[in-house]
Amino acid sequence: MKNILWMIALLAFAFSIPAQAQEEVTIKQIVENPGKYSDQSVSVSGVVDEHVESSGGNNATMNYILRGDTGETLRVRTTDSPPPVTSQVQVVGVVSISPFNQSAFIDEDGREVLSGTNSPTTQGGSVSERLQPGLGFWPIFGLTLLGFVVIAAVGYSIYSSSEEKAKKAADEARKRQEEELKKAASGLNSTDFTTTEMGGDGDEAEQRIKSSSSSSGSGSGGPATLKFKAPPKTMKFIPGKLVVAAGPDQGKEFRIAGHPTPEGNVVTMGRAEVEGERAFAHIQLGDTYRTVSRMQAEIVQKDQDIYLKNKSTTNPTMVNGDPVEAEAMVELDDGDMIRMGEMMLRYERD
């Protein structure tokens, strides 16, 4: 960024030189070598000899003859009123070559009347005509180029600033996620898992939860009729917990982790056995619950909201005694009762 600022400063300095000053030459030099000064912005001094009418009757421009110290004359074309005859003036303008007689003339950009004016006087003093010198083609081109450079530099600065802010926001989000994952991992460590041999690979061995507390205080044994695999340590638990409200595992409670999907973090429930990467996000109900379908329901987390979705068309799914139609979803609140066949669960929000 510092290099860009230095480049802008150098360009501004370089282009400010021709924009503020023109080459000062004599009328004799231009008359003797017009091709050398063609299309250049110059400054010349001389005495106004006469006013000349514009060829073609163009009232938009007027001409006057400027005579130098050694007697050479040069035509000056102006869009303003010509200076008074016999006045000493300094003219700034671009040298052009006439296509008719190949003689040089100046397109006036600005002038200053130095002396000898015949203009009316005010309060006993003479009125001096002062016009600021105009800018030639190259200074204007340079300033335009400088403007583009400045705009590009500002745009790059804004882009870099936005990129830096986005990176900072991403780093903060990553840190928050790492903290949440650490909290989730500590939650896993606070739960006692015991492995049950099911003939599978050791890494995919099924886990049964043993809770350190229960609503009925009926000991620390894990649910005998519910089983699911331990979620990865990097997976975040769904907010809240499920408590078995009826049956042989009454009072047992457990937390669950969902599998990420476009619909949200999803946990499936039913008598089916799920293998693979979704196994940790499936609660398998044992053969005790014959009135539960192989894929009975889903618990879906969308942001911080929790929903229950009925997936069965044969066995009923109810929330607080109200049936949930197939593929319909209802939001779960703290204390809501979920019934799937003979299975009764209570959702408790932290």
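The values are calculated or read from the model by the stated rules, or taken from the named source; none is laboratory data. Here the structure is a predicted model, which is why all the values come from computation and not from measurement. Glycine gets a Cβ as well: all are built from the backbone with ideal geometry, and neighbour counts include every protein chain shown. All accessible areas refer to the heavy atoms of the entire protein, side chains included, with ligands and DNA or RNA removed. Shrake-Rupley method; radii C 1.70, N 1.55, O 1.52, S 1.80 Å.
Of all the criteria given as (1) of a type outside the set (S, T, N, Q); (2) buried (at least 19 other Cβ atoms within 10 Å of the Cβ); (3) under 19 Å from ARG346 (Cβ atoms), the one not satisfied by MET318 is (2). Of everything in region 64-91, what is open to solvent by 10 Å² or more (accessible area, probe 1.4 Å) and in a strand (DSSP E or B)? Give them in sequence order. The answer is ILE65, ARG67, THR73, ARG75, ARG77, GLN88, GLN90.
Give the number of residues within region 304-323 that are in contact with a Lys or Arg (Cβ under 8 Å, 6 or more places away or on another chain), farther than 17 Å from ARG294 by Cβ and not in a strand (DSSP E or B). Looking only at that region, the number is 1. Residue pairs whose Cβ atoms lie under 8 Å apart, sitting 6 or more positions apart in sequence or on different chains, and linking a residue in region 240-263 that is farther than 28 Å from ASP303 by Cβ to a partner that is open to solvent by 10 Å² or more (accessible area, probe 1.4 Å) and at pLDDT 85 or above, are ALA246/MET344; GLY247/MET344. With respect to LYS233, determine if the residue is within 25 Å of GLU298 (Cα to Cα), at pLDDT below 80 and in a helix (DSSP H, G or I). So LYS233 fails the test.
Return yes or no: is PRO34 more than 15 Å from THR78 (Cβ to Cβ) and modelled with pLDDT of 90 or more?
Answer is yes for this residue.
Residue check: MET344 meets all listed conditions (1) part of a loop (DSSP other than H, G, I, E, B); (2) surrounded by fewer than 19 Cβ atoms within 10 Å (Cβ to Cβ); (3) in contact (Cβ under 8 Å) with a residue 40 or more places away in the chain but one, namely (1).
Of all the criteria given as (1) under 20 Å from PRO239 (Cα atoms); (2) modelled with pLDDT of 85 or more, the one not satisfied by VAL274 is (1). Which condition breaks for MET295 when tested against (1) crowded, with 19+ Cβ neighbours inside 10 Å; (2) of a type outside the set (Phe, Trp, Tyr); (3) closer than 20 Å to ASP322 by Cα? Unmet condition: (1). Quick one: is PRO248 under 13 Å from LEU226 (Cα atoms) and not small (Gly, Ala, Ser)? Yes; evaluated as a whole, the condition is true for this residue. Of the residues contained in region 36-55, one or more are found to be part of a strand (DSSP E or B), touching a Lys or Arg at 6+ places or on another chain (Cβ under 7 Å) and surrounded by 17 or more Cβ atoms within 10 Å (Cβ to Cβ).
Here the condition is being farther than 23 Å from PHE237 by Cβ, touching a Lys or Arg at 6+ places or on another chain (Cβ under 9 Å) and of a type in the set (Asp, Glu); of GLU253, GLU298, GLU327, GLU348, it holds for GLU327 alone.
Among the residues of region 297-325, those identified as touching a residue at least 60 places away in the same chain (Cβ under 8 Å) and either charged (D, E, K, R) or out of contact with any Asp or Glu (no Cβ under 8 Å at 6 or more places or on another chain) (or both) are ILE299, GLN301, GLN304.
Results for (1) part of a strand (DSSP E or B); (2) touching a residue at least 40 places away in the same chain (Cβ under 8 Å); (3) of a type outside the set (Gly, Ala, Ser), shown as yes or no for each residue.
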{"site": "PHE280", "(1), (2), (3)": "no, yes, yes"}
{"site": "GLN284", "(1), (2), (3)": "yes, yes, yes"}
{"site": "MET295", "(1), (2), (3)": "no, no, yes"}
{"site": "ASP334", "(1), (2), (3)": "no, yes, yes"}
{"site": "ARG339", "(1), (2), (3)": "yes, no, yes"}
{"site": "ASP350", "(1), (2), (3)": "no, yes, yes"}
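The set of residues in region 243-278 being polar (S, T, N, Q) and assigned to a loop (DSSP other than H, G, I, E, B) consists of GLN250 alone. Does ARG176 fit the bill of being open to solvent by 90 Å² or more (accessible area, probe 1.4 Å) and modelled with pLDDT of 70 or more? So ARG176 passes the test.
List the number of the failed condition for GLN304; all other conditions in (1) surrounded by 13 or more Cβ atoms within 10 Å (Cβ to Cβ); (2) within 36 Å of the chain's Cα centre (by Cα) hold. Condition not satisfied by GLN304: (1).
Of the residues in region 58-65, at least one is within 54 Å of the chain's Cα centre (by Cα) and at pLDDT below 90.
The set of residues in region 264-278 that are among the hydrophobic types (A, V, I, L, M, F, W, C) and touching a residue at least 40 places away in the same chain (Cβ under 8 Å) contains only MET269.
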